[in-house]
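Below: one structure, written as structure tokens.
The values are calculated or read from the model by the stated rules, or taken from the named source; none is laboratory data. None of the values given here were measured: they were computed from a predicted structure. Heads up, the Cβs are rebuilt from the backbone with ideal geometry, glycines too, and the neighbour counts pull from every protein chain shown. Note: accessible area is taken over every heavy atom of the protein model, side chains too, but ligands, DNA and RNA are not part of it. Shrake-Rupley method; radii C 1.70, N 1.55, O 1.52, S 1.80 Å.
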Amino acid sequence: MYDVIIIGGGPSGASAGRRAGKLGLNTLLLEKEEFPRYKPCGGGLSKHAISYLDFELPQDIIEWEVTGAKVFFKNQLIEAHKDYCLSVIVSRCMFDNLLLEKAKETGIEVHTGEKVLHCREMPEYVEIETNRGTYRAKFAIVAEGAHGIIKTCVRPVDTKEEYGICVVTEIPADEKEIEERLGKAIELHFGVADGGYGWVFPHRTYYSVGIGGVVKALPHPREAMLEFLKFTGFSENCKLHGHKIPWGGLKRRVAGSRVLLSGDAAGFVDSFSGEGLAYAISSGQFAAEVIAGICQCDGKIKDLKKYENLCQAEFGTHLKYSLMFSRIMHHFPDKTFKIFTSSEKMIDKYLDVADFKINYKDYLRWSLLNFKLR
């Protein structure tokens, strides 16, 4: 009988595992893939996300530093920069593997290559069935990402109105070429995918290029991606990878009687930018802390509700207004993005949102006041 079983070894599951191990919980982490493994993602890791790590990020993990953004809308381009690093670019293959290794350092039991098939909440324990056997624990944390179905033991799967779709690829290039095109900026292209955007991110030896948007607005995502590659000057002869991104800010159930959902499985993603690493890491840590409080302090099962309160206090309002901001921007794209890309000041202020210095609510209020004054 474990104290907690964690399903998924990505950033949220690994962060939960590290925190659980440091808190002395008898922990089992189950991951269906063998690590390191490929993960389709732009790889942007904000300073806000890094702030949740309780260890120094190794320099060899960092492939690029970002201080600003080049924002495109139709024939308009606005570029804005801060005088400090906003985020770093990492390979998710290497970063995720690092987090899992850091979790192992705490002495928890980790099984890779073991797929979870079912999770059942019982009155006294949780039963986890895998392709190798059956395990029991007092509690479970489901950190399986957006694609998994184990979370259905707590809530239904998302409908097509509750998630977006992304297509991403890697374009090989040398560092000098990437430096000349992007410098210390990322490219964001609005107006190329309804409900989302296209991006070009710098890595050490390649560009990460992708588009993401509303499922209904991307009935042919492959064709849309190929068109974007052509538009941004890249070869269309490359391997494409697709994945789902849940819209954050929606009201979802994230706690069962003995199971907590974290990260993408809980829907903790910025609906406008698609950023989810900060919320994956922090929610995984919160989940482990709440379970430790119950196991070690004679707490009651109902104390699992503290998890929702912690997540809400930390980033709930931010995600709620990210959804509101995204809906406003994409409902009237010609008007709103024309305003958004009308001045360097608008982008510069948005970079404060990305840096978590202000939230979307503050940015909306500032934008409305600024537009009214103009």
Handout entry: Choice from Leu53, Leu86, Leu277 with maximal GNM fluctuation in the chain (Cα, 10 Å cutoff)
Key = Leu53
Problem - Euclidean distance of C-alpha centroids, the stretch 265-318 and the stretch 109-167, integer Å - result: 16
Fill in the blank from the handout: Any lysines whose Cα falls less than 16 Å from that of Lys244, other than same-chain ones fewer than 8 residues away, would be Lys39, Lys151, Lys160, Lys216
Fill in the blank from the handout: Here, Lys300 and Glu161, labelled 7 Å along Cα→Cβ, have an inter-label distance in nm of 3.7
Practice task
Divide the volume of the convex hull of the Cα atoms of the stretch 262-329 by its number of residues and quote the answer in cubic angstrom per residue.
Solution key: 72
Practice task
Within 10 Å, count the other beta carbons around each residue, average over each peptide in 87-93, 235-241, and list them highest first.
Solution key: 87-93, 235-241
Completion exercise
Computed about the Cα centre, the charge dipole of the chain from +1 Lys/Arg and -1 Asp/Glu charges at the Cβ has a magnitude in debye, to the nearest 20, of 1320
Practice task
Skip the ligands, DNA and RNA, and give the accessible area per residue of the chain with a 1.4 Å probe, whole Å².
Solution key: 45
Problem - Distance (nanometres) between label positions extended 7 Å along Cα→Cβ at Lys47 and Arg181 - result: 2.7
Handout entry: Unit Cα scatterers, Debye sum, the stretch 325-374: log10 I(q)/I(0) for q = 0.14, 0.21 Å⁻¹
Key = -0.32, -0.74
Completion exercise
Heavy-atom accessible area of the chain with neighbours in place, 1.4 angstrom probe: carbon+sulfur share in percent works out to 52
Practice task
Quick one: order Val157, Val254 from most to least accessible surface, probe 1.4 Å.
Solution key: Val157, Val254
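Please list 62-71, 34-43 highest first by mean number of surrounding beta-carbon atoms within 10 Å per residue.
Values: 62-71: 20.2, 34-43: 17.9.
Ranking the peptides 62-71, 34-43 by packing returns 62-71, 34-43.
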Exercise for the section: Mind grabbing the base-10 log of I(q)/I(0) for the stretch 154-229 at q = 0.11, 0.25 Å⁻¹? Debye formula, identical points on the C-alpha positions, no solvent, two decimal places. Expected result: -0.34, -1.07
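Among 303-309, 333-339, what's the highest-first ranking by average C-beta atoms within 10 angstrom per residue? Before the final figure, lay out the partial values.
Working: 303-309: 16.4, 333-339: 14.7.
Going from most to least packed, we get 303-309, 333-339.
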Practice task
Return an integer: the convex hull volume of the alpha-carbon atoms of the stretch 1-55, in Å³ per residue.
Solution key: 94
